[in-house]
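Asks: Dumping the structure here so I can ask a few things about it.
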Amino acid sequence: MSEFLHMGGYAFYVWTSYGLAFVLMLVLFVSPMIEKKRLIAGIARKLRRERREK
Amino acid sequence: MNIFMRFYHRLASPRHFYQIAGQWIPWLGAISLILLAWGLYEGLLVAPTDYQQGESYRIIFIHVPAAWMSMFIYLIMAIAGAINLVWRMKMAEVVLVSSAPIGAVFAFLALVTGSLWGKPMWGTWWVWDARLTSELFLLFLYLGIIALHGAIEDKRTAGRAVSILALVGVINLPIIHFSVEWWNTLHQGSTVSVMGGSKMDSRMLRPLLIMSFAFKFYYGMILFMRARNEVLDRERNTSWVRQIAEGKAS
């Protein structure tokens, strides 16, 4: 196991690459979910405001 | 109207696209996750150590699929741009705009993992050779498209402007691809080839291809998620979006 993590002495380069890929792909996945919540909340707020003004 | 035309028209309608994309997202995600797990297993545990580069070459299973994606996504954007300019198809515009940040992320990932591979193998993080420079230019094209789209208030005008930029920039794709042949680059020539056969052990080639398919499905999932948001934003005044916002439909 520790030999695997050691990557023949290239651990820093290999695991930084895989780690960065993981983080970036996670950000790609999470950001549209947050954006969707924000969008729907914004549209709902506008609808409530319109209804009050009527 | 035959079944394909009906499918095309349904996808071209924002409302139906929103529904269909919503159904596809979990499947794309599941396929991508399975392929990722399989590719990582084969790439990190099954594939043998390289006789010249030792274990450092395992960066290839991120680096090459990411670089392929950065070019594949750009090609999709250029095609969407052409469709938008010729047929004024709203959904093509949505695909183009939603793809740009994903393409930028993959171009960035290809550059950084390349750097992390270059340091131990070439002894340098960066050289201004044709392959690296043209890939950096691709990242700037993505950022340019994102910035241009953000700078123009009217969505249709912005869509047309980025369509033109995406089309003009497509000239960079053959330059990236052939850079290792046309110029004397520090970056190696292609190891994987569709036509000429690959110069690679099959235990290394298999995880490379699995990872590249995993990234393709991942892109599909993220593209649909982003495109759905773009549709919600553009159609915010229609009754079906209002219903979703009020929680009557998903």
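The values are calculated or read from the model by the stated rules, or taken from the named source; none is laboratory data. Nothing here was measured: the structure is a model prediction, and the numbers come from that model. Cβ atoms come from the backbone with ideal geometry, glycine included; neighbour counts cover every protein chain shown. When the accessible area is computed, the model is the full protein with side chains, heavy atoms only, and any ligands, DNA or RNA have been set aside. Shrake-Rupley method; radii C 1.70, N 1.55, O 1.52, S 1.80 Å.
Asks: Please check: in the Gaussian network model of chain B (C-alpha springs, under 10 Å), which one of B:PHE17, B:PHE215, B:PHE224 has the largest mean-square fluctuation.
Replies: Looking only at B:PHE17, B:PHE215, B:PHE224, the biggest GNM fluctuation is shown by B:PHE17.
Asks: If you roll a 1.4 Å probe over the heavy atoms of the protein chains, what accessible area per residue do you get for the protein assembly as shown, in Å²?
Replies: Solvent-accessible surface per residue comes out at 53 Å².
Asks: With charges only on Cβ, +1 for K and R and -1 for D and E, what is the dipole size of the range B:126-207 about its Cα centre, in debye, rounded to 20?
Replies: 260
Asks: What is the spin-label model distance, in nm, from B:HIS177 to A:ALA44 if the labels are put 7 Å beyond Cα along the C-beta direction?
Replies: 4.7
Asks: Describe numerically, in nm with one decimal, the distance between label points set 7 Å from Cα along Cα→Cβ at B:LEU136 and at B:ASP233.
Replies: So the label points at B:LEU136 and B:ASP233 sit 3.0 nm apart.
Asks: If R₀ is 35 angstrom, what is the calculated FRET efficiency for the pair B:ILE3 and B:GLN243, using the beta carbon separation as r and rounding to 0.05?
Replies: The formula returns an efficiency of 0.80 here.
Asks: Further question: In whole Å, what three semi-axes, largest first, describe the equivalent ellipsoid of chain B built from its Cα gyration tensor (square root of 5 times each eigenvalue)?
Replies: In descending order the semi-axes read 36, 22, 15 Å.
Asks: Per residue of B:43-50, count partner chain C-beta atoms within 10 Å of its C-beta, then hand back the mean as an integer.
Replies: Mean shielding count: 1.
Asks: Now for a different question. Would you mind calculating the relative contact order of the range B:146-236 from Cα pairs under 8 angstrom and at least 6 residues apart, reporting the percent as a whole number?
Replies: RCO, the range B:146-236: 10 percent.
Asks: Within 10 Å of each Cβ in B:53-63, how many Cβ atoms from other chains are there, averaged over the peptide?
Replies: Values: counts 2, 4, 10, 8, 3, 8, 9, 1, 4, 7, 2.
Mean inter-chain Cβ contacts per residue within 10 Å come to 5.
Asks: Follow-up. In peptide B:133-141, how many Cβ atoms from other protein chains are near each Cβ within 10 Å, on average?
Replies: 0
Asks: Which whole-number percent is the relative contact order of chain B (Cα, under 8 Å, 6+ apart)?
Replies: Relative contact order for chain B comes out at 33 percent.
Asks: Moving on to the next point. Please identify, among B:SER134, B:SER212, B:SER239, the residue showing maximal mean-square fluctuation in a Gaussian network model of chain B using a 10 angstrom Cα cutoff.
Replies: It is B:SER239.
Asks: Ignoring any ligand, DNA or RNA, what whole percent of the accessible area of chain A comes from carbon and sulfur when the probe is 1.4 angstrom? Spell out each step's value before the answer.
Replies: Working: 2520 of 3820 Å².
Roughly 66 percent of what the probe reaches on chain A is carbon or sulfur.
Asks: I would also like to ask the following. Going out from 0 in 5 Å bins, what whole percent of all Cα-Cα distances in the range B:142-250 drops into each bin?
Replies: Bins of 5 Å from zero give 2, 9, 10, 13, 15, 14, 12, 9, 7, 5, 4, 1, 0 percent of pairs.
Asks: Let me spell out the model: positive unit charges on the Cβ of Lys and Arg, negative unit charges on the Cβ of Asp and Glu, origin at the Cα centre of the range A:2-53. What dipole size does that give, in debye rounded to 20?
Replies: Computed about the Cα centre, the dipole is about 820 debye.
Asks: A further question on this structure: Return the value, in Å² to the nearest 100, of accessible area buried between chains B and A (probe 1.4 Å, both sides summed). Can you show the working numbers first?
Replies: Working: alone 13830 and 5450 Å², together 16150 Å².
About 3100 Å² of accessible surface is lost on pairing.
Asks: Taking only the C-alpha atoms, wrap a convex hull around the range A:2-53 and report its volume per residue in Å³ as a whole number.
Replies: Convex hull volume per residue, Cα atoms: 64 Å³.
Asks: Hey, what's the per residue convex hull volume over the C-alpha atoms of the protein assembly as shown, in cubic angstrom?
Replies: It is 168 Å³ per residue.
Asks: Taking the Cα centre of each part, how many Å lie between the range B:136-207 and the range B:50-91?
Replies: After rounding, the separation between the Cα centres reads 7 Å.
Asks: Suppose R0 equals 35 Å; then what is the FRET efficiency for B:ALA147 and B:TRP24 from their Cβ-Cβ distance, rounded to the nearest 0.05?
Replies: 0.75
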